[in-house]
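Undergrad: Can you keep this structure in mind? I'll have questions shortly.
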Amino acid sequence: MKLLVTGGAGFIGSNLIRYLLERSERELGLEVSRVVTLDKLTYAGNRSNLRDFDDDPRHVFVVGDICDAELVGSLLREHQIDAVMHLAAESHVDRSINSPEDFIQTNVVGTYRLLETFRHYLAERKWKPTTAKSLKDGGEYLFLHVSTDEVYGSLAGGEVAFSETSSYSPNNPYSASKAGGDHLARAYHHTYGMPIVTTNCANNYGPYQFPEKLLPLMILKILRGEPLPVYGDGKQVRDWLYVEDHCRGLVMAMMAGQFGETYMIGGRCEMKNLDVVHAIIDTVREMAPERVSQTAAELITYVEDRPGHDRRYAINPERMERELGWQPRMDFLSGLRRTVQWYLANHDWVRDVEIGRYRGERLGMID
């Protein structure tokens, strides 16, 4: 297959490209002849995340905006793309509260431009809707739209986890903008018959994650002996998923997901933020004892909760498990150890992010 991956220089995108080029054929039987990465290289896009593939003839890196329909169309035609994997997004909730316009532009307008350009590309190639229900079932093309559990809003403690039939109820500009993109993807399938699959995922963690996100932020602050900012009472609940498990799920949804359908990719790992922070402290102390001299009580600092902070997210991945045979392989503590080890071993990457491209920005906690 020949793939266009948007947002491929970001955290999930770069891990996805690594999976596509290194493991997808061996694990899933998907042979990838070309991956075109399209990334605007905003604050969270990092070109160095993909340096390993600079000499790989299967990989092409393009700096550009998903809102640039002319550029997107030229890439689709030049590389004869079979499938678009759309991950490009503004995704930092705090930033969306301070500057929502960027989120509307990327997550809504950008998704619209991609869908519309892909629709015209299909028309140029004389594609017409067929009886095929998936790529596995004989479909020729696919648009995979990657979204988040946050579009469904907040769950109370006793409520069942989000499923594919849950109602949308976004509570901040980020989740509202992602919900807008989801609705556009659904509409383009039902109106034009386009082969589109949507996925919604839980909180990801793992290597190459931008250091303002919860896990890397806490890991780095522990190593420096800095206070660990915890919003409110720290009892907000999130469902955690190791990024490699998510990437494998994305490829499986692309290969076998039913056109027009949605799939939940979750880790079945609900944890309170405060418990996550304690687990990070314990793991960093275990793996780098010489660098942790303070107790958890000395490190943790409770800060004012952010506006509209959702209390609980949880995803029911039963459909992915039942229909596509996907299951998370990594339990949280094993994934956490791998993540801590990566940040311990990649000081230069962290330094370049913090004092190079992102000089002067204050990194705040985000879950």
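The values are calculated or read from the model by the stated rules, or taken from the named source; none is laboratory data. Model, not experiment: these values are computed from the prediction. All Cβ positions, even for glycine, are placed from backbone atoms using ideal geometry, and neighbour counts span all protein chains on display. Quick note on the areas: whole protein, heavy atoms, side chains included, nothing else; ligands and nucleic acids left out. Shrake-Rupley method; radii C 1.70, N 1.55, O 1.52, S 1.80 Å.
Undergrad: Can you give the log10 of the normalised intensity I(q)/I(0) at q = 0.11, 0.13, 0.15, 0.16 Å⁻¹, computed with Debye over equal Cα scatterers of segment 276-350?
TA: -0.49, -0.66, -0.82, -0.88
Undergrad: Follow-up question, since we're still on this one. How large is the convex hull of the C-alpha atoms of the chain per residue, in Å³?
TA: Spread over its residues, the Cα hull of the chain gives 129 Å³ apiece.
Undergrad: With the full set of protein chains in place, find how many percent of the accessible area of segment 1-132 is carbon and sulfur; take the probe as 1.4 Å. Don't skip to the end; give the middle numbers.
TA: Working: 2620 of 5710 Å².
With neighbouring chains kept in place, the figure for segment 1-132 is 46 percent.
Undergrad: Leaving out ligands and nucleic acids, and using a 1.4 Å probe, what accessible area per residue does segment 267-363 come to in Å²?
TA: Heavy-atom SASA per residue in segment 267-363 reads 57 Å².
Undergrad: Ok, one more. Given that compact globular proteins tend to follow 2.2 N^0.38 Å, what is the ratio of the alpha-carbon Rg of segment 35-110 to that value?
TA: In units of the globular-protein estimate, segment 35-110 measures up at 1.21.
Undergrad: Taking amide H positions as placed in the peptide plane 1.01 Å from N, state which residues far from Tyr263 in sequence (5 or more) or on other chains have amide H under 5 Å from it.
TA: Here Thr198, Thr199, Asn200 satisfy the definition.
Undergrad: Probe of 1.4 angstrom, ligands and nucleic acids ignored: what's the accessible area per residue over segment 150-221, in square angstrom?
TA: I get 32 Å² per residue for this part.
Undergrad: Rounded, prolate or oblate: pick one for segment 107-240, where a ≥ b ≥ c are the square roots of the eigenvalues of its C-alpha gyration tensor, a/c under 1.5 means rounded, and failing that, prolate if a/b is larger than b/c, else oblate.
TA: Prolate is the answer for segment 107-240, as a/c is 1.5 or above and a/b outweighs b/c.
Undergrad: Same structure again: How many nm separate the modelled label positions at Arg47 and Glu101, each set 7 Å beyond the Cα in the direction of the Cβ?
TA: Placing both labels 7 Å beyond Cα along the Cβ direction yields 2.8 nm.
Undergrad: May I pose another question? Sort 285-298, 53-66 by the packing proxy (mean of other Cβ within 10 Å over each peptide's residues), most packed first.
TA: Ranked by mean Cβ neighbours within 10 Å, highest first: 53-66, 285-298.
Undergrad: Okay, moving on. Which entries of Lys178/Lys235; Lys133/Lys235; Lys40/Lys213; Lys2/Lys128; Lys221/Lys272 have Cα-Cα distances beyond 30 Å here?
TA: Working: Lys178/Lys235 25 Å; Lys133/Lys235 42 Å; Lys40/Lys213 20 Å; Lys2/Lys128 20 Å; Lys221/Lys272 19 Å.
In this structure, Lys133/Lys235 exceed 30 Å between Cα atoms.
Undergrad: How much of the DSSP bridge set in the chain is antiparallel, in percent, rounded to the nearest 5? Provide the component values of the computation, followed by the final result.
TA: Numbers: 3 of 41 bridges.
Of the beta bridges lying entirely in the chain, close to 5 percent run antiparallel.
Undergrad: Related question: Heads up, I need the accessible area for Arg77: 1.4 angstrom probe, whole protein in place, Å², nearest 10.
TA: 120 Å²
Undergrad: Relative contact order for segment 196-283 using alpha-carbon pairs under 8 Å, separation at least 6, rounded to a whole percent?
TA: The value is 47 percent.
Undergrad: Here's a follow-up. Going by Cα centres, segment 9-46 and segment 328-353 are how many Å apart?
TA: First find each Cα centre; the distance between them is then 18 Å.
Undergrad: For segment 238-367, what does the convex hull of the Cα positions come to per residue, in cubic angstrom? Intermediate values should be presented prior to the final figure.
TA: Numbers: hull volume 21.5 nm³, N = 130.
Once divided by residue count, the hull of segment 238-367 is 166 Å³.
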